[in-house]
Amino acid sequence: MSYEIPHLRALEAESIEILREVAAELERPVLLFSGGKDSVLLLRLAQKAFWPARFPFPVMHVDTGHNFPEVLDFRDRMTARFDAELVVASVQDVIDRGLAADENGPRASRNRIQSVALLDAIERHGFDAALGGARRDEERARAKERVFSFRDDFGQWEPRNQRPELWNLYNGRIRKGEHVRVFPISNWTELDVWQYIRQEGLELPPIYFAHTRRVFRRDGMLYAENPYVERLPGEEPFEASVRYRTVGDMTCTGAVESRAATLEAVIAEIAATRITERGETRADDRITEAAMEDRKKEGYF
């Protein structure tokens, strides 16, 4: 008999403890849900943390208006399946209200102004904690995050002003107008997430698996042909077998060429790769060396 705990069960237990800590410490948390694999994992962990009760918080999606249709359909089905209250923070709404300006041109994206929609929704609904699926292995700025990441009353993050988290003790104390972002799966890796999805038999949007799609090549990435991106001269679309490693706005999320159409094939592909998912497929992280950190300071996830 072995008394060792399998590493996925250890990660699961840590994440469930964090979810319960948020429910105990904060008055009005919300779980951010993009429809991606990390969000699906969070839903499953929240289900285990509070079963047989419903989630003690709503689920919120920040909708840019430029999302993959398959992901929006999946979002609605999953929140209904988990009997979760869905809140949609619309980027188009904050643009219409004059809180943000839409970009124009071939490289236009609404990705950055997701922060405006998120902060607006947090203020309007009175949320004091936002649970997200960010992981430390995704990107260097996310590697700097604590599990409980403090945001001031402007929704901003200061990486040099974070609270210690010794012995898994989390400080959720905030003043009126402030909030915390909480990342229960910070210590998971992309491979851990996929292995847990296999273990639990979780459903994912179909774009995570190889499929034929019309794409065009830009800056070394494959973008889906879509009505939201103005193509540059020479960017002719073609058909390819691709899949997505992350779910995001169609204007800044690239696909990878792949034949991995099953869970086992995807896990084998992830185990062999040496490039992070955001490093390979997210144009918004390539703008500058500190692109993600700059966005996070403004209120990004």
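Results, tabulated for the structure shown:
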| item | result |
| --- | --- |
| Residues (free of Cβ contacts under 8 Å to residues at least 40 places away in the same chain and in contact with a helix residue (DSSP H, G or I) (Cβ under 7 Å, 6 or more places away or on another chain)) located in region 114-143 | Asp120 |
| Filtered residues of region 253-271 (kept if surrounded by 16 or more Cβ atoms within 10 Å (Cβ to Cβ) and in contact with a strand residue (DSSP E or B) (Cβ under 7 Å, 6 or more places away or on another chain)) | Thr253, Gly254, Ala255, Val256, Ser258, Ala260 |
| Number of the condition not met by Glu277 [criteria: (1) open to solvent by 10 Å² or more (accessible area, probe 1.4 Å); (2) modelled with pLDDT under 90; (3) in contact with a helix residue (DSSP H, G or I) (Cβ under 9 Å, 6 or more places away or on another chain)] | (1) |
| Checking Val229 against (1) within 30 Å of Arg81 (Cβ to Cβ); (2) crowded, with 20+ Cβ neighbours inside 10 Å; (3) over 20 Å from the mean Cα position of the chain (by Cα), the condition it does not meet | (1) |
| Test set (1) in contact (Cβ under 8 Å) with a residue 60 or more places away in the chain; (2) farther than 16 Å from Ala130 by Cα; (3) touching an Asp or Glu at 6+ places or on another chain (Cβ under 9 Å); (4) surrounded by 13 or more Cβ atoms within 10 Å (Cβ to Cβ) - Leu45 fails condition number | (2) |
| Some residue of region 166-178 being of a type in the set (Gly, Ala, Ser) and farther than 23 Å from Ala272 by Cβ | yes |
| Filtered residue count, region 233-254, keeping only those that are modelled with pLDDT under 90, over 12 Å from Glu277 (Cα atoms) and of a type in the set (Ser, Thr, Tyr) | 1 |
| Pick from region 232-252, criterion without any contact (Cβ under 8 Å) to a residue 40 or more places away in the chain, among the hydrophobic types (A, V, I, L, M, F, W, C) and more than 24 Å from Arg135 (Cβ to Cβ), ranking: surrounded by the most Cβ atoms within 10 Å (Cβ to Cβ) | Ala240 |
| Subset tally (residues that are over 17 Å from Pro184 (Cα atoms), touching a Phe, Trp or Tyr at 6+ places or on another chain (Cβ under 9 Å) and either free of Cβ contacts under 8 Å to residues at least 40 places away in the same chain or open to solvent by 40 Å² or more (accessible area, probe 1.4 Å) (or both)) for region 155-165 | 2 |
| Scan of region 166-193 for residues that are under 17 Å from Ala13 (Cβ atoms), open to solvent by 40 Å² or more (accessible area, probe 1.4 Å) and part of a loop (DSSP other than H, G, I, E, B), ordered by number | Leu169, Asn187, Thr189 |
| Test result for Ala108, assigned to a loop (DSSP other than H, G, I, E, B) and touching a residue at least 60 places away in the same chain (Cβ under 8 Å) | yes |
| Single residue of region 133-154 satisfying the filter (in a strand (DSSP E or B) and not small (Gly, Ala, Ser)) that is most open to solvent (accessible area, probe 1.4 Å) | Phe150 |
| Scan of region 113-132 for residues that are open to solvent by 30 Å² or more (accessible area, probe 1.4 Å) and part of a helix (DSSP H, G or I), ordered by number | Val116, Leu119, Glu123, Arg124, His125 |
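A quick yes/no check of all residues on (1) open to solvent by 10 Å² or more (accessible area, probe 1.4 Å); (2) at pLDDT 95 or above; (3) in contact with a Gly (Cβ under 8 Å, 6 or more places away or on another chain):
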residue	(1), (2), (3)
Ala13	yes, yes, no
Glu17	yes, yes, no
Glu25	yes, no, yes
Pro29	no, yes, no
Gly35	no, no, no
Pro52	yes, no, no
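The values are calculated or read from the model by the stated rules, or taken from the named source; none is laboratory data. All values reported here derive from a predicted model rather than from experimental measurement. Here Cβ is always computed from backbone atoms with ideal geometry, including for glycine, and neighbour counts include all displayed protein chains. To get the accessible areas, we keep the full protein, side chains included, count just its heavy atoms, and leave off ligands, DNA and RNA. Shrake-Rupley method; radii C 1.70, N 1.55, O 1.52, S 1.80 Å.
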